[in-house]
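Since the structure comes first, as structure tokens, the remarks are kept for the end.
The values are calculated or read from the model by the stated rules, or taken from the named source; none is laboratory data. What you see is a predicted model, and the numbers here were worked out from it, not measured in a lab. Neighbour counts run over all protein chains shown; Cβ positions are idealised from the backbone, glycine included.
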Amino acid sequence: MTGESNAAVEPLFDLACAACGETYPRAGFPAVCSLCGGFWKHGEGFAWRPPGAAGGLRRWAAALGLEPDELPDRPLSSPPGLYALDGGGEGTAAGREPGVPAAAVAPAVWICQQGSAPSGTYKERGAEVMVAAARRRGVRELFLDSSGNAGIAVARAAAERGIRCTVLVPATTAAGKIERIRAAGGHAEVVPGDRDATHRAAAGWRRRLPYAAPFFQPSFLAGVATLAWDLAGGLGAPLPEHWLLPAGNGPLLLGLALGLSRLHRAGLIGRLPALHAVQLAGYAALAPGGPGEAAPGPPTAAGLAIAHPPRRADLLRALEASGGDVTRVSEEAIAAARRELAGRGWTADPTGAAAFAGYRLRGDLQGLAAARPKASPPAAPALTAEAASRRAPACLVIVTSREAELE
Ligand SMILES: [Zn+2]
């Protein structure tokens, strides 16, 4: 039994089963507890630490318990692609150009454009940290099921470390995404049926290969937690009160909740932001009113077409703990959001645009943002007690992935 802090345990492997308390094994790379199938929970060993001077994910190597050279030093999305929605036109350059701190413009609504990552998605963070952890454990081959974006990011991270990676993709996946998995060095296996069918097919593979599922693997979630840390560093305190993000299988929701909890534990933020999950009509597994009605034909937002997310209970807990809720969006609303984002110079694939579609449906949150007085810009982003007295921006909308170049 564990759950207590253990300084000898490396941060990424300071884990115990959330259901039975079993300690994470000393060898192997299990996706879930081998005794009871429960999900891994991070212990006290995983904590926010001041970022290093190195670039990209390497700045968080100490907190992750990795050596800097186990992570890429390319820029990723740090600063994390922050733009002011009400800055007019394409938004301000804050967060995009060095020397223009995001908090210098103090808008009511921030857009976090994760499509600026080299693989075009926030999932690169999780993938790099997960595959670095797998390599520590001597993994030579792994697999995952993915609607595309995670598969691309994991395939790339694996190929760079000499690890063989197979990606099971649903037959509904756009040809361009399958091409990109192969171009990234992965082996794509097309599974008949929808995204849920692909997840079922993964069960057989799990008996013989480590399962690099973003929503199971705690090291992937730790990688996503660094997005919360980079956002906090770029935005300064207080953080926006409401964060909108797409949720299918939920690694973004789980990873951000993890990262925010560590910022809170470190005393860097007071109140946790409310996390608002945006889900696709017909697949809104977390919505109290039910999943809603799916549009006819294959869903365009493949990453959100998840009728039965395995971690539904954990996702609901994360929403409830933050005070957030669920917004259902239609294919039409997503299409309109993509047009509006494109008009501002931000391309997004349908899953990537979903959170913005959700924001446009939320009269309450838009009203909150509109009522927010235009604050005088703070001098610099800072996570300090004085900063906490500032007026928080109302909303942060996370656009998770850009349009695939090959589509
Ligand atoms: Zn267990």
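Some observations on this one:
- Checking each residue in region 236-273 for being under 23 Å from ALA18 (Cβ atoms) and part of a strand (DSSP E or B) picks out only LEU245.
- Restricting the search to helices (runs of 4 or more DSSP H) fully inside region 87-205 and requiring at least 2 residues that are at pLDDT 90 or above, of a type in the set (D, E, K, R) and out of contact with any Lys or Arg (no Cβ under 6 Å at 6 or more places or on another chain) gives 123-136, 149-160, 175-183.
- Test set (1) out of contact with any strand residue (DSSP E or B) (no Cβ under 6 Å at 6 or more places or on another chain); (2) β-branched (Val, Ile, Thr); (3) under 28 Å from ARG59 (Cα atoms) - ILE181 fails condition number: (1)
- Flag for ASP196 being in contact with a Ser or Thr (Cβ under 6 Å, 6 or more places away or on another chain) and not hydrophobic (A, V, I, L, M, F, W, C): no
- Being in contact with a His (Cβ under 7 Å, 6 or more places away or on another chain) and either among the hydroxyl-bearing types (Ser, Thr, Tyr) or over 14 Å from ASN249 (Cα atoms) (or both) is not true of ASP364.
- Region 16-49: number of residues that are of a type in the set (Phe, Trp, Tyr) and away from the ligand (no atom under 15 Å from the Cβ): 3
- Contacts under 6 angstrom Cβ, first residue in region 18-35 being at positive phi, partner more than 8 Å from the ligand (Cβ to nearest atom), 6 or more apart: GLY21/MET1
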